[in-house]
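Participant: Before I ask anything, here is the structure I am working with.
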Amino acid sequence: MPLARDSLTRGGLIPGAGQPAFELKLRDPAPVPVLIAVPHAGRCYPPELAARMRCPGEAGLRLEDRFVDLVGTRLARATGAALLLAHAPRAMIDLNRAPDEMDWSMVADAAPARHVQMGRRARSGLGLVPRRLPGMGELWTGRMSAADLTARIENIHKPYHLVLGASLDMLRDRWGAALLIDLHSMPPLGPKRGGNAAPDFVVGDRFGASCSAGVSTAAIDHFEREGRAAAYNRPYAGGYVLDRHGAPSRGIHALQMELCRAAYLDRELREPGPGLAEIVEVLARLVRRLVDEITGAVDLAEAAE
């Protein structure tokens, strides 16, 4: 059996920072057909971007999937899964939105016809470039230029999704199937005690479009067996990442996994908390079960030869 080699690929470019927009960590040959992607935990804020934000500290904190990249990193290490981490912040560009899912009134020199083209998320303030947040209002002191938006798409959004798609194809070609876990975090959805305890996990599959029913069913069953409250597609069913990359007919399955921040952060939901290690263990057992589901319980040691 060939020895696995760890590789690290950095790609894209954060405008104004000169830093890679994302990095991909994987082993060759891949020991499991799983890729964990973390699109919303980036914390690299160029000075020019921060200067244009009304409340950069608070807005950035609320937009980020705070430190869920630590969960993803430890989960990949525990399972052998590939890991795609975005370093560009969601405030700069949202990798879980389509390139045209934009509030064009934010762009000073956008073509007039584009102002009528606005989807539901963009109207709510959370489009390709977030515009506003509940309780905070407008995030920016002024409008951006079309050239600025194009630079973000060409240097961050486009290369990220090209690498994500190519990596999933590679895993599928090696194993016959591949699984994307698009890892996010969510604010607490309610009290954690009582008969209607708010979930620690929300599994999204675009209402069955992004993966086989067996994968989603296995995920929900796993959390029930673990004694962890979980919800299915409500209130988060997934977004552009699942729409673009989930293709169960081609053997590529995609789940969005939302983690309650209270489960792995401290009480202020700002720093890693005591529950981080347990959450990683629960998710590691989930990954192993889903590997069996998508490969038909193939012997992993034999398959990796």
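Read the figures in this text as sums done on the coordinates, not as results from a lab. Predicted model, so just to flag it, every value in this text is computed and none were measured. Cβ coordinates were reconstructed from backbone atoms using ideal geometry, including for glycine residues, and neighbour counts include every protein chain displayed.
Participant: Where in segment 139-159 is the amide nitrogen less than 12 Å from a point lying 7 Å along the Cα-to-Cβ axis of Arg54?
Facilitator: Output list for this probe position: 139-142.
Participant: Describe numerically, in nm with one decimal, the distance between label points set 7 Å from Cα along Cα→Cβ at Asp221 and at Ala151.
Facilitator: 5.1
Participant: Quick check on segment 132-238: what does the Kirkwood estimate of hydrodynamic radius come out to from the alpha carbon pairs, in Å?
Facilitator: On the way: mean 1/r = 0.0576 Å⁻¹.
For segment 132-238, inverting the mean 1/r across all distinct Cα pairs yields 17.4 Å.
Participant: Next question. How much length, in nm to one decimal, is gained on full extension between Ala209 and Ala166, taken as 0.36 nm per residue of separation minus their Cα-Cα distance?
Facilitator: Extra length from Ala209 to Ala166 when fully extended: 13.5 nm.
Participant: Which one, (1) 67, 47, 31; (2) 73, 51, 34; (3) 57, 47, 33, gives Cα extents along the principal axes in Å as derived from the coordinates shown?
Facilitator: Among (1) 67, 47, 31; (2) 73, 51, 34; (3) 57, 47, 33, the one calculated here is (3).
Participant: Using alpha-carbon positions, what is the distance between the centroids of segment 163-234 and segment 269-283, in Å?
Facilitator: 17
Participant: With a Förster radius of 45 Å, plug the Cβ-Cβ distance of Ser249 and Arg132 into 1/(1 + (r/R0)^6) and report the FRET value to the nearest 0.05.
Facilitator: Details: r = 38 Å, r/R0 = 0.85.
Between Ser249 and Arg132 the formula returns 0.75.
Participant: Give, in nm to one decimal, the length gained when the segment between Ala78 and Thr141 is fully stretched (0.36 nm per residue of separation minus the Cα-Cα distance).
Facilitator: Numbers: separation 63, 0.36 × 63 = 22.68 nm, distance 4.31 nm.
My answer for the length gained is 18.4 nm.
Participant: Just how large is the dipole of segment 88-222 about the Cα centre, in debye to the nearest 20, putting +1 at every Lys and Arg Cβ and -1 at every Asp and Glu Cβ?
Facilitator: 320
Participant: In segment 153-305, what % of DSSP beta bridges are antiparallel (nearest 5)? Working shown, then result.
Facilitator: Working: 6 of 18 bridges.
Bridges in segment 153-305 are about 35 percent antiparallel.
Participant: Now, a different point. Would you tally the net charge around Glu224, using a Cβ to Cβ cut-off of less than 14 Å, leaving Glu224 out, and scoring K and R as +1, D and E as -1? Write out the running numbers ahead of the final one.
Facilitator: On the way: positive: Arg225, Arg228, Arg285, Arg289; negative: Asp200, Asp221, Glu226.
That sum, taken over residues with Cβ under 14 Å, equals +1.
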